[in-house]
Each structure stands twice: as structure tokens, then as C-alpha cells.
Amino acid sequence: MSTPLIEARNVTKTFGGGLFDKSRTVALEDFSFKIDADNPSVTSIVGESGSGKTTLARLLLGLVAPTEGEVLYNGKNLENLSSRDRKQFLRDVQVIFQDPFEVYNPFYRIDHVLDTPIRNFGLAKTEKERKDLINEALEAVGIRPEEILGRFPHELSGGQRQRIMVARSLLLRPKLIIADEPVSMVDASLRATILGSLLRLNREFGISLIYITHDLTTAFQVSEDIMVFYRGSLAEAGDVDQVVRNPEHPYTRLLVGSIPLPDPDMPWEGERAIGRPAGELGEVGEKFCKFTDRCPFAMPMCVQSDPPLYHTHENRVSSCFLYRESPTIPMTEMTSIFRSSNRQGPVQDNVSFDALDAELEVSTESSSSASSNDD
Amino acid sequence: MVEETLSTEQTEVETDATLQVRDLHVYFHTAAGAVKAVNGVNFALKKGERFGLVGESGSGKSTIALSLLRLIKPPGRIEGGQVFLNGVDLVSLTEEEMRRKRLDEIALVAQGAMNSLNPVRRIRDQFMLAFQDHGIDVKRSGINDHIGDLLSRVGLSRDVADMFPHELSGGMKQRVCIALAISLSPSVIIADEPTSALDVVVQWQVMDTLRRVQEDLGASVILIGHDMGLMAQFVDRLGVMYAGRLVEIAKVKDMFGDPLHPYGQMLIASLPSLEVKQDRLQGIPGITPSLLNPPSGCPFHTRCPKMMEHCKTVTPVLQEVREDHWVACHLYEEAK
Ligand SMILES: Nc1ncnc2c1ncn2[C@@H]1O[C@H](COP(=O)(O)OP(=O)(O)OP(=O)(O)O)[C@@H](O)[C@H]1O
Ligand SMILES: Nc1ncnc2c1ncn2[C@@H]1O[C@H](COP(=O)(O)OP(=O)(O)OP(=O)(O)O)[C@@H](O)[C@H]1O
Ligand code: SF4
Ligand SMILES: [Mg+2]
Ligand SMILES: [Mg+2]
């Protein structure tokens, strides 16, 4: 295998003061992960609010430095890249953030967000090229350029702002897009459109995607592999179909069981359904499973050490003592079980982009093209 | 066009309604012209009812929420219509009268509310400020107990009162916002995407909390959002917005089981499933119409697969075509 585009090696990120400071938060603990640029993949990250997902994204982007461990870009530590490598990194790895409002400067018009990368990376030689690039990117996310250009951020709806961020990352044709909740604020139809355009970048341009979300249904739809986080640690990872259909780790079971289904006849029981933790577990050791206090299956061994990663199936790992019969696998090898690591070349699937093409056509033609097929 | 809507849709007058919105128009006056964000919206909310508002991004849902509390800022303006809350038209109140209604009778958990808590103030102070604003004597004894009660009502420990926002998780902050919203026992609570940033386990906790306090208070709730799963599980009735208009209103079961408006049908059909991997991620083809120059006729006609000739020129009005099922579409014109 070639050098990964991005690799996190045993990274831990702690916020706040010293070891005994009560406000100290371990946002991410001993996590390892690789993205191989030659094997474009789509990986979802889900998990508890505050479990370290955004922290991981920020680490991979070099926006924060790990407290322990290192993040490598093409084998080189992100913290001391040459300025040339740094510039290439800033182009290769793009991000779409959770809260698009944060990214916008309220005093600049929306155009500025799109102009900046074009200028910084010299993407357009003429004014016409610049305009075409912007229009193309905006139309790809279903926005009418003349409608939003010239406006200020607060004059757009949440969903409109979020789509502009997707359009911005499309401009640069990077190798990896990290999308942190890119569609949490848009309607179901637009979710499909935006994720469809991201997926198309993956299939057609070989761009890898990391999709961070609370929406397990779209994670299931777009990704091959999924990672589930709980309080800064990986609870479970692997083949998305298996993890979502048949979760192993008790936290993943709770998570999947809490999905509100779009069917008023289905019950939504949430935590009520999974049951409460058992009683006394005995003395708590220095290390323990972080889910013990909520886990209905907790055993005395769960409070005496923290569970390693068990390799439960060909394409799955779970960090839970319920699977202690399975062999363990070191954290640094975790991504080797991913489906994306075990195939040659791009994903072979039957994802169709007709709908997207149709959409782009409709959007550029006049309204009269919508024909009547009903009398 | 305004008159037409007014005359036909007045039929939805509910005498026992807690909230009655009639022909509401809200525009943003930008340099490029008036953005018709809310363009003739009618609906009513029964006492204790949970009503959902879904629809396209940018279709005017948050604008409705802010307008109901008269919190629309320039260049936005309520151009016309009435909002009757317990029989009083909020649109005609003075600013001072309206200020007293907020929180007291109608409260909002705004989009992104949890990020708008003041970062340098303890949670207790945020309650105190809200109380002061309503002329409540915060020095009076028992006020701390009251704050503690509110926090425990939303499932938080009383100690949270002494904490700063950054010491709380997203779900906890969102519950603080709900506690703030219910602090003066309003009869209408509006929650604009209260859980879109939270994991589904916490989503369930927050919605369970909201449902419980709402039932205790006998308040009505308007839930705004994009999560159709959440809507299916939480609301009694659902309204679907498209380009500044409400195009369909139905009981939640009817909306999911038998949507009538072509947009409603396509929205429901675009929901991804957890069962089968779709071979295409399909949104609704086409682009949202401009709110600066809305198309003539039906706002959906530019994307509607069932469009007929007169859809391009005549605006369909919201009509009750089945019991409790309202739709604005020419396909159902004769159905009644
Ligand atoms: N700059 C910071 N200073 C202090 N603590 C932080 C900082 N950033 C994150 N944290 C803490 O680290 C933990 C992980 O936060 P993170 O934002 O990574 O979670 P997340 O999984 O993205 O959550 P969400 O699903 O709510 O977006 C949280 O406890 C958070 O409060
Ligand atoms: N201050 C403003 N100036 C100009 N236009 C505005 C302003 N605020 C909102 N708008 C426009 O009004 C329309 C309705 O916006 P609103 O925020 O109500 O939509 P929404 O339905 O809540 O969308 P979302 O689901 O994305 O939150 C949008 O087209 C938006 O661009
Ligand atoms: S009125 Fe016409 S264009 Fe509008 S939704 Fe109905 S059929 Fe489609
Ligand atoms: Mg996050
Ligand atoms: Mg909104």
C-alpha cells in the first residue's frame, strides 16, 4: 500500500488545564485512522454529541494539534510541513463545517467566500472563467447564482449558506473532503441532492469523503464504512450495512434503536427500549469501559479495564467485552478491516446520477420546459 | 392574488383555536427588491396540539416563527395578515404590549438557540434577565427554587443553574433553552429545529422532555424542522411549506400515508430508507423558484410533473379536499 494521504497515529486530544484540572476534557483518545488517496472511499462518522467527531476533523485538518500522537500528510507531520507542502495540503483537503455561519464574515458578501479560493489558488485567468466556475459550482448544489450573489450571509437561509460551502469545496477538486454535518440544516430533497453531488465527486473524480453526521439513514445510504464514537473513543467500526442493520456495541444498539423513523405507526422508544444498567459491578479500576454506567449488559470486567478492539467479523470491529471471544486487533490496524481498504480501485456500484443530471438540466432551462403529462 | 387567498381560505377559521394565523405576508426589502418570504399563510393551532412545519430550505419557516413573535427585523416587515393568540391580534399590538406577550404567552426556541446562550453568564443569570424583562421581581424569595424547578422539569440537575454554557453539552444547552421558553408557562411554544445538532439518543430525550412539559402546561407546540422522522414521531398535524406558502396541511398519518400535493408526494418519496440502499440519491429535480420574482400561478408549477396549462397562470388556494386534509393544487379542484 502506498503512503496514505492522511494518517492519524494514536492521537489523543485533551482540552483544558493540567492533569488534575476538573475542566479537563479528553475529546479524543488514542485514535488511529488512514485515508488512502489511491482508493477513494466514503467513510461516515457518527456518535454521541460531544464524542469528539469535530475534534477529529479539526485534527485531520491541522486546525488543532494533537496532545499525543501525530497526524501525517503524505507521510509528513502536519505540524511542520514546508510552505510548499502546506499549500498543496490546503488544496488537497477541503472541509465543509457543521455551522456554516461561523465560516462567513458577516461584513463580506457571499461572493467573497467563493472568490477567495479562486484567487488564492489561481483557478481562473479571466473574469469570464471566474464567473463560469462560480456559476457551475452553485448550480451543482441547486442554487440560482443571480439569487444569492451580492447578498450578505444573514440574508440567506441556513440551508442556502450550507450549500454555498459545498459549492466552495467543489471549486478546488481536492483529494479529500471532510464534511461535518453538511446537510443537517436542509430539507430531505436537498439532502439527497447535496449528498448526491458529493458522491458524484467521489465516483467521478476519485475524491474521498469523510461524512460526519447524526443522520444514520444518510450515512447508511452514502458510505461504505462507518465509525461510531462514544465519549472520545471508537465504540464500533466497519461495514456500514452490517453495523446499521445489526449493531454490536451496546451504544450502537442504543443509537440505532433511537432513530426516529418517518412512519407515524412505528414506535419511538429511545432509551426507554434498551433497558437500564444492572446493579453492583464491584470495584472500579483505573481504566474502564466508558459506556458501563448506561449499559444494560455491563459485567464486572467492564469496570476493571477498557475493552480493546475485537475483530468480530471480516469487516467489523467492536470495542466491547461482549465480543471477547473474537481476536483483538491493534487500533493502528483498524482501517485495514474497512471494505474500502480491501478492494482494488474505485467503488463498483449502481449509483445513478440521472436524477442529478436531470436536475441540472431543468435548472438551466426555462420553466416552460416542464411538460404536462396529466390531463 | 392576496384577496383571492383571503376570501377562500378564511373558511379555516377555528373558534377554539389557541393560535390563528390569517393571510400572513412577510417580505424582506432588499436592494434587489422584495423577497416574499411568507406569501399568504393561513393555519390554526388547537389548544394542546402539536403542529409541524416542514418544507424547502428557505421556504419561510423560520420567518413565520419570528413573525409570530413579532421579532422580524428590518429590512423584513410584516406586510399584512393577522396572528390571533387567544383571540388577540398580535400584529396590531404596540411594541410594549407585544414584549409582555413574549415568553408569557408565546415563546420561541429559535434555530440555533443553544449557541445563543450568553457565554459569560451563568445559567441562573440568563433566567433572571428573562424574568426582569417581564417585570418579575427577581429578588423575591423562591426565585431560585423556581429556576431549579424549571431545570428539573427538563431533566437537568438543579446545579446546572450555577454553570456556564460551555460546561454543558449540546443536549443540555438545548434543554436549558426549553426551560427558558417554558419559564412563564406560555400557551404556545415554537421550536425551530430544536434537535438538528444532536445525536438521536439525545434527540429522543429532548423531544420527550418537550412533549412532557407541553402536556403538563397544556400548551400548543409548533415544531419546525427537516427531520421527517422526528415529525412522524412528534406532531399531530403537519403543514408543508413551499416558496413562502403553505401548500398542504394534514394529520401526520395522512401526510405520510397519502400525501396529496405533488410537492408533498415528492418530499415523502425522497426520504432515504434504512432498509434498502437506493441506487440513486434523488432529490426533487429543478430549483426553488425565486422569492424576488415568484412565478405566476402555482409556485410549484416549474417543477411539478403533473402540471396543467392553467397551473402556470392561476394560483391554487388551500382547500379542504378531505376531512382535515388541506391542499393548494388544481388537481383537486373538483374533488370537493
Ligand atoms: N476548544 C475547545 N475547548 C474546550 N473543550 C472543547 C473544545 N472543543 C471541543 N471541546 C470538548 O471536546 C469534546 C468533543 O467535542 P466535539 O466538538 O469534537 O464533539 P462532536 O462529536 O463533534 O459533537 P457534536 O455531535 O455535538 O458536534 C466535548 O466535550 C467538547 O466540549
Ligand atoms: N434578512 C434577510 N434579508 C433578505 N432575505 C432574507 C432575510 N432573512 C431571510 N431571507 C430570505 O427569506 C427566505 C425565507 O427564509 P427562512 O429563514 O424563513 O427559511 P426557512 O424555511 O427557515 O429555511 P431553512 O429550512 O433553511 O432554515 C429565504 O429565501 C431567505 O433567503
Ligand atoms: S397546481 Fe398544478 S403545478 Fe401546482 S402542484 Fe398542482 S398540478 Fe402541480
Ligand atoms: Mg461536531
Ligand atoms: Mg429556518
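On C-alpha positions alone, give me the angle between the axis of helix B:170-181 and the longest principal axis of chain B, in degrees, nearest 10. For helix B:170-181, the angle is close to 90 degrees.
With only alpha-carbon atoms in the gyration tensor, what are the semi-axes of the equivalent ellipsoid for the stretch A:238-337, in Å, largest first?
Rounded to whole Å, the semi-axes are 25, 21, 9.
Against chain B, whose longest principal axis comes from its Cα atoms, helix B:200-217 is set at around 80 degrees.
Taking all C-alpha pairs of the stretch B:77-133, those more than 14 Å from each other amount to 67 percent. Rg and Dmax of chain A, based on Cα coordinates, read 22.2, 75 Å.
In angstrom, the C-alpha Rg and Dmax of the stretch B:221-261 are 9.7, 25. Computed across chain B, the Kirkwood hydrodynamic radius from all distinct Cα-Cα pairs reaches 21.0 Å. When B:Glu49, B:Glu309 are arranged by Cβ crowding within 10 Å, least crowded first, meaning fewest neighbours, the order is B:Glu309, B:Glu49. Calculated translational diffusion coefficient of the stretch B:199-336 (25 °C, 0.890 mPa s; Stokes-Einstein with Kirkwood radius over alpha-carbon pairs) equals 146 µm²/s.
What are the semi-axes of the equivalent ellipsoid for the stretch A:217-258, taken as the square roots of 5 times the Cα gyration tensor eigenvalues, largest first, in whole Å? All intermediate terms of the calculation are to be shown ahead of the outcome.
Working: eigenvalues 47, 27, 16 Å².
Equivalent-ellipsoid dimensions as semi-axes: 15, 12, 9 Å.
Averaging 1/r over every pair of different alpha carbons in the stretch B:27-152 and inverting the result gives a Kirkwood radius of 17.1 Å. If the Kirkwood radius is taken over C-alpha pairs of the protein assembly as shown, then at 4 °C and 1.567 mPa s the Stokes-Einstein diffusion coefficient equals 48 µm²/s. Counting only aspartates and glutamates at least 8 places from B:Lys253 when in the same chain, those with an alpha carbon closer than 19 Å to its own are A:Asp263, A:Asp265, A:Glu269, B:Glu49, B:Asp227, B:Asp236, B:Glu320, B:Glu323, B:Asp324.
Quick note: the coordinates plus some simple rules give every number you see, no bench work behind them. For clarity, every value in this text was computed on a predicted model and none was experimentally measured. Because the Cβ atoms are built from the backbone with ideal geometry, glycine has one as well, and the counts that use them run over all protein chains shown.
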